[in-house]
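The values are calculated or read from the model by the stated rules, or taken from the named source; none is laboratory data. Here the structure is a predicted model, which means the values were calculated and not measured. Positions of Cβ are generated from backbone atoms using ideal geometry, with glycine treated the same way; all protein chains shown enter the neighbour counts. We work out accessible area using only protein heavy atoms, side chains counted, and drop any ligands, DNA or RNA first. Shrake-Rupley method; radii C 1.70, N 1.55, O 1.52, S 1.80 Å.
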Amino acid sequence: MTKLELFYPLKPNRVNQAFGSKLKLYTDLGMSGHNGIDLFASDGQFIRAAHNGIVTFTGEDGSGGLGVVIRTLDEREYKNTTTYFKTIYWHIKTSSFRVKAGDIVKCGQILAGADNTGIS
């Protein structure tokens, strides 16, 4: 069993919001901190898969945000056990999806184009 290796979905990459950032915005939303990593992206810039896997979701989240979710095809090591991992890609440009649920993707494959949506 191997550990999951992730690659940045955007190149070049520049972190705008780190995981766990404790801005007032997040506490106002009832969160203890930012639950992801936001990277700077140009309008329409390609977002690529950070690992191999299966697309389990593409579409809207119910509040207008568009995203893609990828799950690993096999279990990986994590804290003395094994589990599946998923990565979540949000702030997707309308009509830019290049994948759909059920697609098998390879690391680096284009998923969609980036947009400035939600509170980004």
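I'd like the residue in the stretch 100-111 that is touching a strand residue (DSSP E or B) at 6+ places or on another chain (Cβ under 6 Å) and small (Gly, Ala, Ser) and, out of all such residues, is least open to solvent (accessible area, probe 1.4 Å). Taking the candidates together, the pick is Gly108. Only residues that are at pLDDT 95 or above and more than 11 Å from the chain's Cα centre (by Cα) were counted in the stretch 59-74, giving 4. Scanning the stretch 44-94 for residues that are charged (D, E, K, R) and touching a residue at least 40 places away in the same chain (Cβ under 8 Å) yields Arg48, Glu75, Arg76, Glu77, Lys93.
Given (1) more than 19 Å from Glu5 (Cα to Cα); (2) of a type in the set (A, V, I, L, M, F, W, C); (3) free of Cβ contacts under 8 Å to residues at least 40 places away in the same chain; (4) out of contact with any Ser or Thr (no Cβ under 6 Å at 6 or more places or on another chain), where does Phe97 come up short, assuming only one miss? That leaves (4) as the condition not met. When the stretch 42-99 is filtered for residues that are part of a loop (DSSP other than H, G, I, E, B), of a type in the set (Val, Ile, Thr) and surrounded by fewer than 16 Cβ atoms within 10 Å (Cβ to Cβ), only Thr94 remains.
Residue under question is Lys22, and the condition is that it be over 13 Å from the mean Cα position of the chain (by Cα), modelled with pLDDT under 95 and not hydrophobic (A, V, I, L, M, F, W, C); does it hold? So Lys22 fits the description; yes.
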